[in-house]
1. Could you count how many residues in segment 65-84 are under 14 Å from R46 (Cα atoms) and among the β-branched types (V, I, T)?
2. Of the conditions (1) part of a helix (DSSP H, G or I); (2) touching a residue at least 12 places away in the same chain (Cβ under 8 Å), T57 satisfies every one except a single condition; which number is it?
3. Does V169 meet the test of being in a strand (DSSP E or B), in contact (Cβ under 8 Å) with a residue 40 or more places away in the chain and not assigned by TED's automatic domain parsing to the domain that holds M278?
4. Select, from P125, P144, the only residue that is surrounded by fewer than 21 Cβ atoms within 10 Å (Cβ to Cβ), more than 13 Å from A209 (Cα to Cα), at pLDDT 95 or above and not basic (K, R).
5. Do you know which of the residues in segment 162-172 that are touching a Leu at 6+ places or on another chain (Cβ under 8 Å) and hydrophobic (A, V, I, L, M, F, W, C) is nearest to E149 (Cα to Cα)?
6. Restricting attention to segment 282-306, report how many residues are out of contact with any helix residue (DSSP H, G or I) (no Cβ under 7 Å at 6 or more places or on another chain), modelled with pLDDT of 95 or more and of a type in the set (D, E, K, R).
7. Which of the residues spanning segment 175-223 are in a helix (DSSP H, G or I) and acidic (D, E)?
8. Collect the residues in segment 275-300 that are under 20 Å from the mean Cα position of the chain (by Cα), more than 17 Å from T131 (Cα to Cα) and not basic (K, R), keeping them in residue-number order.
Amino acid sequence: MLKKIAFPVVLSLLIGMAGCYKDGEPKKISLEKREIPTAHSDNNVRHLRASVGGMITPQEGLTYYRKFLDYLGEKLGTPVDFIERESYAEINTLLEKGDIDLAFVCSGPYVDGHDKFRLELLVAPQAYGDTVYYSYLIVHKDSPIRSFEELRDKKFAFTDPLSNTGKIVPTFMLAKMKETPSTFFQSSVFTKSHDKSIKAVALRLVDGAAVDSLIWEYLNRTNPEFTAKTRIIKKSPPYGIPPVVVSPRLTPELKKKLEQVFLDTHNDKRGREILKKMMIDKFVVIDDHAYDSVREMKVWLEKHQK
């Protein structure tokens with residue numbers, strides 16, 4: 001039987017958790033309805049509407065993504081409105097409806113969106129010389145825990161329900177052990193971002209977490225205050241890197257223009273400076289098959305969790 005504990009109030013304040021597992025499923029929260037700028041404004045000049053998934057970058061790195069969106073708008077000659085959302089589910093809904101045109105998302109939400117409403121790949125970042133990333137299973141650096149199996153009956157942090165590295169991968173690992181988060185962990189939370197999961201482990205608010213390798217490495221290079229207090233106990237197989245996607249409602253002409261700006265960014269001095277701050281080498285074309293391993297995990301989980 002799943003044991004239930006009360007998390008410290010400080011954990012709730014720190015990570016703004018989406019909910020604890022009780023009776024096997026995370027609690028759902030209501031998403032505040034926020035106005036989205038219309039597609040045409042300013043004397044009928046079309047505005048591009050873009051979003052960056054909260055899990056894609058640490059909060060401190062979001063500044064550079066916004067600078068990149070400004071750069072993108074300048075190159076296109078089109079204003080870009082930044083639409084901020086916390087969950088991948090909400091971003092996918094906006095993409096499906098055409099309420100946003102472009103988004104940086106995780107590989108998990110891309111697979112969901114592609115299979116559900118034909119969400120389209122635009123490009124993918126190349127980081128550290130490659131177009132893959134990993135799920136890092138982390139614990140506090142002073143923890144006696146040395147393996148994922150030793151996290152049984154411990155407190156664990158996930159990021160977002162649709163996150164590949166922050167939810168799908170560890171859930172798949174548990175399923176292979178014939179376990180679920182509710183049967184294996186003492187309790188668990190959704191933190192809504194990888195940097196918050198890292199911080200929760202560093203502050204010993206949870207015993208372990210599953211995080212995006214790109215974000216752990218980014219923070220470890222730029223601000224290791226919290227990564228230095230964590231230790232990686234397991235590195236997953238590689239998965240297709242979080243891509244840049246566009247709504248299926250976007251016109252082929254605009255999609256082509258967007259693709260060209262992304263692909264040319266590293267050839268431009270200002271573009272290279274922004275990419276360097278984002279810790280991205282360049283943007284490249286990527287094929288849907290790069291995400292087959294994520295898709296296969298999701299299919300396997302759906303089949304075995306019925």
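The values are calculated or read from the model by the stated rules, or taken from the named source; none is laboratory data. Since the model is a prediction, treat every value here as computed from it, not as a measurement. In this analysis, Cβ positions are derived from the backbone assuming ideal geometry, glycine residues included, and neighbour counts consider all displayed protein chains.
1. 2
2. Checking T57 against (1) part of a helix (DSSP H, G or I); (2) touching a residue at least 12 places away in the same chain (Cβ under 8 Å), the one that fails is (1).
3. Values: in a strand (DSSP E or B): no; in contact (Cβ under 8 Å) with a residue 40 or more places away in the chain: yes; not assigned by TED's automatic domain parsing to the domain that holds M278: yes.
Considered against the rule, which asks whether it is in a strand (DSSP E or B), in contact (Cβ under 8 Å) with a residue 40 or more places away in the chain and not assigned by TED's automatic domain parsing to the domain that holds M278, V169 comes out as no.
4. Values: P125 fails: surrounded by fewer than 21 Cβ atoms within 10 Å (Cβ to Cβ).
So the residue among P125, P144 that is surrounded by fewer than 21 Cβ atoms within 10 Å (Cβ to Cβ), more than 13 Å from A209 (Cα to Cα), at pLDDT 95 or above and not basic (K, R) is P144.
5. Initial filter on segment 162-172 (touching a Leu at 6+ places or on another chain (Cβ under 8 Å)): 168, 170-172.
Pick out the ones that are also hydrophobic (A, V, I, L, M, F, W, C) and you get 168, 172.
Working: I168: 17, F172: 13 Å.
Residue satisfying both the conditions and the ranking: F172.
6. Matching residues across segment 282-306 total 3.
7. Going residue by residue through segment 175-223, those that are in a helix (DSSP H, G or I) are 175-176, 181-184, 194-202, 213-222.
Matches in segment 175-223: D195, E217.
8. Correct list: E296, M297, V299.
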